[in-house]
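What follows is a set of notes on a single structure, which appears directly below.
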Amino acid sequence: MNLVEIILITLFCIFQSVFGVGLLLLGTPTFLLIGYDFFEVLNILLPYSIVISFLQIFVNKKKNFKFGKKILIHSIPFLILGLIIVEYIQHKINFVLIVSIFLIVFSVLNIRNLKNKKIKIKNTNFSLKFLGLFHGLTNLGGSLLTIISTNVHSDKNVIRYNISSGYFIFALFQLLLINVFFKQINFDYLNFIWLPIIIFILSQKFFKKMNDKIYYTSLNIFTLFYGIYIFADIIYSYF
């Protein structure tokens, strides 16, 4: 791994250790923007995402195994479909532009939730199918996963568990599938797999001091502005 990759992974591991999302949500467009292709990005980020998600599941005292079962049944088949589609379209479209638009849209939706204008999801199973397809296509399912999780439970600890378990299941299947069918993993990226463990442990005191409003507001405002920055940078490059 080069120095830039190490610095970026460290920053995004810090972000995800505090907020529960970010390694894929912010790491995907960043690595795409500096020239990596979609499956290279997955091979770099997924092992670190798996480690942090596992740690978040492990320390969470409240479990919700039913949600994980629903992810497996409803989301994973469509996640596979999304990866197959990406294999054929990733070099035919401006993938970074699309990703930046989705970052903006889902950040706005989450901010809407913060203002007590909660987005109601009537059909959870259908939403999980769409989540699987969307995450397979973009690697940005974290925002949508957050919206779904807040609909199926109101306890913040269970919501965080649902997000972590969803990320964990997605990452495991993505890593397995892309290395069986698309691209072999570069084991050099695993040399720093200890990073997320240390970062997660050190970040927990900071995480516990944040109240829910500051936590969710900071996450979504940062993601919104980051999406706007990427979108503006791409548009500027056309002129």
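The values are calculated or read from the model by the stated rules, or taken from the named source; none is laboratory data. Worth saying up front: this structure is predicted, and the values here are computed from it rather than measured. A quick note on method: Cβ atoms are made from the backbone with ideal geometry, for glycine too, and the neighbour counts reach across all protein chains shown.
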Q) Does segment 111-123 contain any residue that is part of a helix (DSSP H, G or I) and at pLDDT 85 or above? A) no
Q: Select, from LEU24, LEU45, LEU81, LEU72, the only residue that is modelled with pLDDT of 90 or more and crowded, with 16+ Cβ neighbours inside 10 Å.
A: LEU45
Q. Tell me, which residue of segment 9-18 that is closer than 19 Å to THR138 by Cβ and either β-branched (Val, Ile, Thr) or touching a helix residue (DSSP H, G or I) at 6+ places or on another chain (Cβ under 6 Å) (or both) is surrounded by the most Cβ atoms within 10 Å (Cβ to Cβ)?
A. GLN16
(Q) Need a quick list: helices (runs of 4 or more DSSP H) entirely within segment 141-237 having at least 3 residues that are over 14 Å from VAL18 (Cα atoms) and at pLDDT 85 or above. (A) 156-177, 212-237
Q) Hey, among VAL59, VAL86, which residue is in contact (Cβ under 8 Å) with a residue 24 or more places away in the chain and either more than 21 Å from SER149 (Cβ to Cβ) or crowded, with 17+ Cβ neighbours inside 10 Å (or both)? A) VAL86
Q. When you go through SER53, SER100, SER17 one by one, which is the residue that is over 30 Å from ILE201 (Cβ atoms), small (Gly, Ala, Ser) and touching a Phe, Trp or Tyr at 6+ places or on another chain (Cβ under 6 Å)?
A. SER100
Q. Would it be correct to say that LEU55 is aliphatic (A, V, I, L, M), assigned to a helix (DSSP H, G or I), more than 15 Å from GLY142 (Cβ to Cβ) and modelled with pLDDT of 85 or more?
A. yes
